[in-house]
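The values are calculated or read from the model by the stated rules, or taken from the named source; none is laboratory data. Just so you know, these numbers come straight off a predicted model, no measurement behind them. Cβ: placed from backbone, ideal geometry, glycine included. Neighbour counts: every protein chain shown.
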Amino acid sequence: MSKALSLLILAVVVFAPPKPAAAADALHGKDIATRWCASCHIVEKGQTNATDQAPPFSYLARSPDFDQNKLAFLLLKSHPNMPQVSLNRAEISDLADYIRSLK
């Protein structure tokens, strides 16, 4: 490989704009919400089936103290009507990003 081509590839790698992680995280969070949460919570506009005992995600999004740590605590805390959900730290972060996007 020529030196000029090597430098060009290096420049592209170093100076390429980063991908927008927040948008991707929120999209992954929406997928998690749809898969794991939508049977009880209203997770997006237009959803019509949910239980009245689980708060809509838009309500959680407007809560002033909502953040990733609060969500992790809520998922770990025992809920009589909530199934055990095992999400890793990245998935909890993605789900929190999605919920925050509903403000």
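Among the residues of segment 64-103, count how many are surrounded by 14 or more Cβ atoms within 10 Å (Cβ to Cβ) and of a type in the set (Phe, Trp, Tyr). Summing the residues that are surrounded by 14 or more Cβ atoms within 10 Å (Cβ to Cβ) and of a type in the set (Phe, Trp, Tyr) in segment 64-103 gives 2. A single member of Lys30, Lys19 is at pLDDT 90 or above and of a type outside the set (A, V, I, L, M, F, W, C), and it is Lys30. Just to be sure before I move on: is Glu91 assigned to a loop (DSSP other than H, G, I, E, B), touching a helix residue (DSSP H, G or I) at 6+ places or on another chain (Cβ under 8 Å) and among the acidic types (Asp, Glu) in the structure I sent? Spelling it out, it is not the case that Glu91 is assigned to a loop (DSSP other than H, G, I, E, B), touching a helix residue (DSSP H, G or I) at 6+ places or on another chain (Cβ under 8 Å) and among the acidic types (Asp, Glu). Can you name the condition, by its number, that Gly46 falls short on among (1) at pLDDT 95 or above; (2) on the phi > 0 side of the Ramachandran plot? Against the list (1) at pLDDT 95 or above; (2) on the phi > 0 side of the Ramachandran plot, Gly46 comes up short only on (1).
Residues considered: Met82, Met1. Of these, the only one that is modelled with pLDDT under 70 and not in a helix (DSSP H, G or I) is Met1. Within segment 69-82, residues that are of a type in the set (Lys, Arg) have Cβ atoms under 9 Å from residues that are at pLDDT 75 or above and in a loop (DSSP other than H, G, I, E, B) in these pairs: Lys70/Ser63, counting only partners at least 6 apart in sequence or on another chain.
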